[in-house]
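Everything on this sheet refers to the single structure shown next.
The values are calculated or read from the model by the stated rules, or taken from the named source; none is laboratory data. Just so it is clear, the model here is predicted, and its values are computed rather than measured. Here the Cβ positions follow ideal geometry from the backbone for every residue, glycine too, while neighbour counts run over all protein chains shown. Ligands, DNA and RNA are excluded from the accessible area calculation, which covers all protein heavy atoms including side chains. Shrake-Rupley method; radii C 1.70, N 1.55, O 1.52, S 1.80 Å.
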Amino acid sequence: MREILASPGATRYILEKYGIKARKKYGQNFLIDAGVIRNIIDAAEINKDDCVLEIGPGIGSMTQLLSEAAGQVICVEIDEGLRPVLAETLEDCGNVKILWQDILKTDLRAVCEESNGGRPLKVVANLPYYVTTPILMQLLEQEKVFSSITVMVQKEVADRIRSGPGHKEYGALSLAVQYYAQPEAVMTVPPHCFIPRPGVDSSVLCLKAYAEPPVECREKVMFALIRAAFNQRRKTLANAVSHGYCLEGRKISREEVTGALEKMGLPAAIRGEALSLEQFAQLSLLIDL
Ligand code: SAM
């Protein structure tokens, strides 16, 4: 059996052998704990029928184990300096294909068509923290391309994603993710599980994509309301929306918002942070008609 890369010794050896320094600008914190990787793969319920998309394989520590568990693994890596490393560490992994490009510029639907005949992929990643939100939103907004997204993110971001009304972490990201997927916490991961150590705790989240949206809404209107509400979260919802709502040049008056809130049985002075996803969805059906 080949040596497991996810250990402090094996990772340092590879980094030194290839003269690689972890690049901060690419959010490189390599996992050195094989137990954490196995938990991620178990949470994602990977089996030989699955085609997995791994974002940012790094030196290949998670990729090796994904290759054993999955039918096929497609990796997208931006740092071409890692080419010689992955050529060695993944040389026995015949079911792994690497696309050397920026995930944010990758045509994910085309990857799904070409590698899995259009059937949904499972995403697994230890995400680069500097672009967590854009990557997650890019993945979630693709309809029927992914069945699940199991990712390591900063613990603070995981808390925001899972939060609900009445909590200080609750915001636009919570609502956006919860509209597309059901987030489940898998585990918290301390800094010593990485080289180099990040300055924060991390968490693994599993996002199970909904086949159909969980609420009935006018999607663009709802997200414009959510943006306006949380851009000025200390204001009442009616004030925040009358000042900040902007969709295709249209505006909404304070009275229109309070009228809709009244129909929903909510007080005129309520703040956006008190509304659930269902309530934002309902509001989108009553406003900007
Ligand atoms: N998967 C490896 C591990 O767990 O040890 C590395 C994880 S490291 C936190 C993030 C990885 O994402 C790095 O390999 C980095 O080069 C890559 N990366 C950063 N930005 C990227 C982007 N926009 N597109 C694709 N890969 C990116």
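Per-structure values
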{"read-out": "Of all accessible heavy-atom area on the chain, the percent that carbon and sulfur account for (1.4 Å)", "value": "49 percent"}
{"read-out": "Tilt relative to the chain, helix 219-231 - C-alpha long axis, 0 to 90 degrees, to 10", "value": "90 degrees"}
{"read-out": "Hz values of 3J(HN,Hα) by residue in the stretch 41-47 - Karplus curve (6.51, -1.76, 1.60), Gly and Pro given as x", "value": "5, 5, 4, 7, 6, 7, 9"}
{"read-out": "Helix-only CD estimate at 222 nm, as mean residue ellipticity for the chain, using -39500 (n - 2.57) per DSSP H run (n ≥ 4)", "value": "-11000 deg cm²/dmol"}
{"read-out": "At most 15 other Cβ within 10 Å, DSSP loop - GluC sites (Glu not before Pro), the stretch 51-111", "value": "E91"}
{"read-out": "Karplus-derived 3J(HN,Hα), 6.51/-1.76/1.60, for each residue of the stretch 194-203, Hz, glycine and proline x", "value": "10, 10, x, 6, x, x, 9, 6, 10, 9"}
{"read-out": "Protein-only accessible surface order, largest first, of I74, I20 at 1.4 Å", "value": "I20, I74"}
{"read-out": "Two-site FRET efficiency, E212 against K97, from Cβ-Cβ distance with R₀ of 22 Å, rounded to 0.05", "value": "0.10"}
{"read-out": "Descending principal axes extents, the chain, alpha-carbon based, whole Å", "value": "67, 41, 31"}
{"read-out": "Sequence-distant residues sharing a close amide H with E184 (under 5 Å, placed H)", "value": "C206, L207, K208"}
{"read-out": "Computed over the stretch 27-96: relative contact order in percent, which uses C-alpha pairs under 8 Å that are six or more apart", "value": "32 percent"}
{"read-out": "Of the trypsin sites (Lys or Arg not before Pro) in the stretch 38-110, those whose Cβ has at most 13 other Cβ within 10 Å and which sit in DSSP loop", "value": "K48"}
{"read-out": "Environment charge of P128, counting only residues whose C-beta is closer than 12 Å and scoring Lys/Arg +1, Asp/Glu -1", "value": "0"}
{"read-out": "Cβ-derived FRET efficiency at R0 30 Å, E45 paired with H192, nearest 0.05", "value": "0.65"}
{"read-out": "Average Cα contact separation per residue, the chain, under 8 Å, 6 or more apart, as relative contact order %", "value": "15 percent"}
{"read-out": "Within the stretch 224-253, trypsin sites (Lys or Arg not before Pro) in DSSP loop having at most 11 other beta-carbon neighbours inside 10 Å", "value": "R234"}
{"read-out": "Potential extension, K144-A110 segment - 0.36 nm per residue separation minus Cα distance", "value": "11.0 nm"}
